[in-house]
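Trainee: Dumping the structure here so I can ask a few things about it.
The values are calculated or read from the model by the stated rules, or taken from the named source; none is laboratory data. Model, not experiment: these values are computed from the prediction. Virtual Cβ from ideal backbone geometry, glycine too; neighbours counted across all protein chains shown. Only protein heavy atoms, including side chains, enter the accessible area calculation; ligands, DNA and RNA are left aside. Shrake-Rupley method; radii C 1.70, N 1.55, O 1.52, S 1.80 Å.
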Amino acid sequence: MEWVFIILVGLIFALVGVVCVISVVVSLPGAWVMIGLALVIELMDFIYLPVDAGQTFGWWTLGIAVALAAFGELLEFSAGALGAKTAGSSSRGMWGALGGGIIGAILGTFIPVPLLGTLIGAVVGTFTGALLGEMSHKDGTLDGSIKPAIGATIGRILGTLAKVPVATAIWMMLTIAAFWP
């Protein structure tokens, strides 16, 4: 009867994982929520199941998932700076895009638009940070700062979309591990 419980836990994890992957699209930390849930399940197995029952995910699998999630975050946040650089930004504009995106995502969480507040905050923060960074440059004008700020914003959006395959890979890896003997 223990196998029914294991399959049920795996199915519930797979369904919650799909929701977590979808939440990444709107800049929510779905990959980290998935890893946290897997860690809780693994610790519950470690504490409550007999020694011969085995592991649900395995510590190596969880470690790889953490590394992938960290790579996804790096990809998302650096994409705004790369977009600014591609559009001709100075280093101030790139740093402004990076910092503005992080601050905007945090502050955007308080925007009362369900699920989209974080994404709106991150995009507006990236644009504003790149714009202010460019304007603080010695030759910074509003007209000359718009193009790098738009490049940073497009980069941020593409970075968020690039994080979705990373979250999908984490979900697939953990779901397969949940059902693998």
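Trainee: Pick out which of L158, L119, L131 has the largest mean-square fluctuation in a Gaussian network model of the chain, springs linking Cα atoms closer than 10 Å.
Mentor: Top of the fluctuation ranking is L158.
Trainee: For the chain, with a Gaussian network of springs between Cα atoms less than 10 Å apart, report the residue from L142, L39, L62 with the top mean-square fluctuation.
Mentor: L142
Trainee: If contacts are Cα pairs under 8 angstrom and at least 6 residues apart, what is the relative contact order of the chain in percent?
Mentor: The normalised contact order for the chain reaches 29 percent.
Trainee: What does the extension gain come out to for L74 and V113, with contour length at 0.36 nm per residue minus their alpha carbon separation?
Mentor: Additional length available on full extension: 11.5 nm.
Trainee: Using the Cβ atoms and a cut-off under 14 Å, what net charge is assigned to the surroundings of L131, where Lys and Arg are +1 and Asp and Glu are -1?
Mentor: In short, +1.
Trainee: Okay, moving on. Run the Debye formula on the Cα coordinates of the chain, all scatterers equal and no solvent, and tell me log10 I(q)/I(0) at q = 0.08, 0.11, 0.12, 0.14 1/Å.
Mentor: -0.33, -0.55, -0.61, -0.74
Trainee: Rounded to the nearest percent, how much of the accessible area of the chain (1.4 Å probe, protein heavy atoms only) is carbon and sulfur?
Mentor: After summing per-atom areas, the C and S share lands at 81 percent.
Trainee: Whole-Hz ³J(HN,Hα) for each residue in segment 122-137, computed from phi via Karplus 6.51 cos²θ - 1.76 cosθ + 1.60 with θ = phi - 60°, x for glycine and proline: what do you get?
Mentor: Taking θ as phi minus 60°, the curve returns 5, 5, 5, x, 5, 4, 5, x, 5, 4, 5, x, 5, 6, 7, 5 Hz for segment 122-137.
Trainee: Give the Kirkwood hydrodynamic radius (Å, one decimal) of segment 116-174, defined as one over the mean of 1/r across all pairs of different Cα atoms.
Mentor: 12.8 Å
Trainee: Next up: Could you give the accessible area per residue of segment 139-181, probe 1.4 Å, as a whole number in Å²?
Mentor: 52 Å²
Trainee: Just to confirm a number: summing +1 for Lys and Arg and -1 for Asp and Glu over residues other than A167 whose beta-carbon lies under 15 angstrom from that of A167, what do you get?
Mentor: -1
Trainee: Sticking with this one: How about segment 127-181: which trypsin sites (Lys or Arg not before Pro) there lie in a loop by DSSP and see at most 11 other Cβ atoms within 10 Å?
Mentor: K138
Trainee: Another one. Where does the charge balance sit around S27 when Lys and Arg score +1, Asp and Glu -1, over other residues with C-beta under 12 Å from its C-beta?
Mentor: In short, 0.
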